1. Of the residues N68, N110, N122, which is free of Cβ contacts under 8 Å to residues at least 40 places away in the same chain and closer than 14 Å to L147 by Cα?
2. Count, please, the residues in the stretch 78-97 that happen to be buried (at least 18 other Cβ atoms within 10 Å of the Cβ) and among the hydroxyl-bearing types (S, T, Y).
3. Assuming R34 fulfils every condition listed in (1) at pLDDT below 90; (2) surrounded by 12 or more Cβ atoms within 10 Å (Cβ to Cβ); (3) of a type outside the set (A, V, I, L, M, F, W, C) apart from one, which condition is it?
4. Can you tell me which residues in the stretch 103-119 are modelled with pLDDT under 95 and open to solvent by less than 80 Å² (accessible area, probe 1.4 Å)?
5. Any residue in the stretch 133-149 that is over 17 Å from L93 (Cα atoms) and modelled with pLDDT of 90 or more sitting within a Cβ distance under 6 Å of a residue that is open to solvent by less than 20 Å² (accessible area, probe 1.4 Å) and not hydroxyl-bearing (S, T, Y)? List the pairs, counting only those 6 or more apart or interchain.
6. Would you say T100 is over 16 Å from V78 (Cα atoms), open to solvent by 40 Å² or more (accessible area, probe 1.4 Å) and at pLDDT below 90?
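The values are calculated or read from the model by the stated rules, or taken from the named source; none is laboratory data. This is a predicted model, so every value here is computed, not measured. Here the Cβ positions follow ideal geometry from the backbone for every residue, glycine too, while neighbour counts run over all protein chains shown. Keep in mind that these areas ignore ligands, DNA and RNA; they rest on the heavy atoms of the full protein, side chains included. Shrake-Rupley method; radii C 1.70, N 1.55, O 1.52, S 1.80 Å.
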Amino acid sequence: MKYFIKENGIRILSILLLGLIFVFWGRLLAREFRAGSYTHHVTTQAARLRCLSHYGWEADPSGEAVKNVTVPDPLDAVFQKYNRLQTPCGFDLERYCGKTVQCYTYPVLNFPNGGDVQIYVNLLLYEDTVIGGDCMSTAIDGFMLPLDRRLYHTN
């Protein structure tokens, strides 16, 4: 056995390394397909609501509002701070500097302990792809949280 390992050690290590590469590549590809199914080809209100549901939000479709927003080139201080909110969800607004994007806003129906203050969820789209978003309150001492509800503990 020692002789076999000694003679074939490099081959064995190469096969193990190649196997690990395929496993990691497969996991990355699977994650992209899961995210892509919710964040790409988002062309209808139903698709936007499915995307929000994927991130943990139940939104009121009757309260939909849309506005165009131009991402500054380069990102100003406000957008830099907002972009830091995006990165835990896998988004990066740097790629969209100078572009005009659509911001869809919906009232949230399932925010825990929302109280009297209305909570909204924003979804940023460039063409038909979700590029960012957030959940926010309109209270004077309000908050803004990442789009993915699983990233914070309000459940």
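1. That would be N122, the only listed residue that is free of Cβ contacts under 8 Å to residues at least 40 places away in the same chain and closer than 14 Å to L147 by Cα.
2. Residues that pass the stated criteria total 1.
3. All conditions pass for R34, except number (2).
4. Listed by number, the residues that qualify are V108, N110, F111, P112, G114, G115, V117, Q118, I119.
5. S137/I119
6. No; evaluated as a whole, the condition is false for this residue.
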